[in-house]
1. Could you tell me the relative contact order of chain A? Use alpha-carbon pairs under 8 Å, at least six residues apart, and round to a whole percent.
2. Give a residue-ordered list of calculated ³J(HN,Hα) values for the range A:88-103 (Karplus: 6.51 cos²θ - 1.76 cosθ + 1.60, θ = phi - 60°; whole Hz; x for Gly, Pro).
3. If one puts a single equal scatterer on every Cα of the range B:23-74 and applies the Debye formula without solvent, what log₁₀ I(q)/I(0) results at q = 0.12, 0.30 Å⁻¹?
4. In the range B:64-100, what chymotrypsin sites (Phe, Trp or Tyr not before Pro) fall in a loop by DSSP, with at most 13 other Cβ atoms inside 10 Å?
5. Which order results if A:Phe70, A:Phe95 are arranged by neighbouring Cβ count within 10 Å, fewest first?
6. Relative to the first principal axis of the alpha-carbon coordinates of chain A, what is the inclination of helix A:284-308, with its axis defined by its Cα atoms, in degrees from 0 to 90 and to the nearest 10?
7. Among DSSP beta bridges whose residues both lie in the range B:8-108, state the antiparallel percentage, nearest 5.
8. With a bin width of 10 angstrom, please list the P(r) values of the range A:248-337 as percents of all Cα-Cα pairs, from the 0 bin to the one holding the largest distance.
Amino acid sequence: MIPLSGTSNLQQTTSYKVVLPFYVYASICFLVSSVLLLLNVEIVQQHYFHPHTLAIVHTMALGWGTMMIFGASYQLLPVLIEGKLDSNLLAYISFGFTAIGIPILILGFYLFHTGWMLQLGAIFVNIGVVFYLVNVLSSIYESSKHDIHAWFIGTATIWLFSTTFFGLLLVFNFSKSLFPDNSVAYLSLHAHLGIIGWFLLLIMGVGSRLIPMFLISKYTNTKILWWIFFLINSSLVSFILLFLLNAKSSFYYISLALALLGIGLFAYYIRMAHLVRIRKNVDEQMKISIISVGQMLLPLLILLIILLVLPANKHVQIAMLYGFCIFFGWITAIILGMTFKTLPFIVWNKVYHKKAYSGKTPVPKELFNENVFHNMFLAYLSGFILFISGIIILNTILLRIGAILLLLSAVLYVYNVAIILLHKPKKI
Amino acid sequence: MNEDIHVVTNDKEKCDIALEGLYEVDDPEVGLNIVDLGLIYKIEFEEEKKRVFCEMTLTTQFCPMGDSITSNAIQALTNSFQGWEIDLNLTFEPAWDFSRISPGGREFLGR
């Protein structure tokens, strides 16, 4: 018998069976979004309340961003909240409902079927989100410590539910008058609940732990993290209040300033972690993740231009640029980078868990093709830059080339994810 | 024992044998072995009971590879000391810090 007296000190990781379906699903959604973008590049010249725009945005926000975050957070919950995932069963159920609901919802938007199709999709998505919410909150409740990272993930999850539930009400508002105005009037509120409350808060909470961890940097500053948490939540709450009070657009500078301060502080936090890192050579997965931190500022700068410079009749067009920079910008960049930091470990743990000593096993980063990753990175960055240039000067050729490059990056991404998932143990 | 490696022990000769095996165990994320990384705090031996006591840590308590690293450390010690009982204690006090990385390890990491 071999006693291992200190194992109770070790946090248990979540089973790969819970996590991998989310990665597969999200990868397919990224591919689908990129195809839809290429097929519909002309929509950037139209109002953002266009069925195809709504379909693409929801494929990116729910199918790509949210499903990937669901999977990654189930895996990383022990790291983030210093406890274990409360229930694998709830995780499977959350996958089932969201995985069924998302395509129904997207098809509903694409065909603009405002009746049962959108309603059914939204109901399924909401049920899935409720199971995720219960699982995350009960895991946090059961964990021994409730530090800042637990606050980030818990609060972000509550904002997610606020977003999807409000989205459900907006869907029903199409056919029954639940609100005084048409659903389109509430889109910015629905979008910002999700963008600021869910994506920004969660990515900051996860990033502030994972980026220093992968850089092997011991930089921690809980005070700064609490300030970021306070600033981002204040930004969102002030936005909601201003929206509900029908305030003048100049008042929105308050929300914008709070968000800019929060993101600025987060960028400073990551910069400090980067400066005192012990690992000098930063790999490409981390580089793309760090670039995404810079990309967080881009949509807010665009928003500033919208408010400061452009007349109200140009706001709709620039809103496309704003949305694109969020969904195909920082959310996509951080997922592209972090997928290849987390997924190889999950699969490596599954395949080589107890074999690493018994000979030369590949290290996790050898589970995917680095050349393919490098080309994906280049295709993504050039596609992103060309597409935003195309939106700014309304040039269809640039938009098409940008969309083709983004599609190429999605194909290379899916290829590399497939290589990892299909990895067979090498003979030792 | 390499002078740059600081491990508490009551038997230097056996400790060298133990470390030789542990040099083969890598932290998969860092790509560096756990000895140069400074994860091994103590290796002691009880001749009468034929027992090896190893105290080690991880770079972070929430290391997703922790289970794999400790299992492989036990396997390495079992291979080096066949017929001995291996008692591995995972501790986070004191917490690991960069000063524990050996000069060779720092060179490997580009520092």
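1. Working: 568 pairs, mean separation 66.7, N = 428.
In percent, rounded to a whole number, it is 16.
2. 5, 4, 4, 5, 4, 5, 4, 5, x, 5, 5, 5, 7, x, 4, x
3. -0.28, -1.25
4. B:Phe92
5. Working: A:Phe70 29, A:Phe95 22.
By the 10 Å Cβ count, ascending, the order reads A:Phe95, A:Phe70.
6. Helix A:284-308 sits at roughly 20 degrees to that axis.
7. Given both bridge residues lie in the range B:8-108, the antiparallel proportion sits at roughly 50 percent.
8. 15, 41, 28, 12, 3, 0
We did not get these values from a lab; they are worked out from the coordinates using the rules stated. Remember, predicted model here, so these are calculated numbers, not experimental data. Quick reminder, even Gly has a Cβ in these numbers, built from the backbone with ideal geometry, and neighbours come from all protein chains shown.
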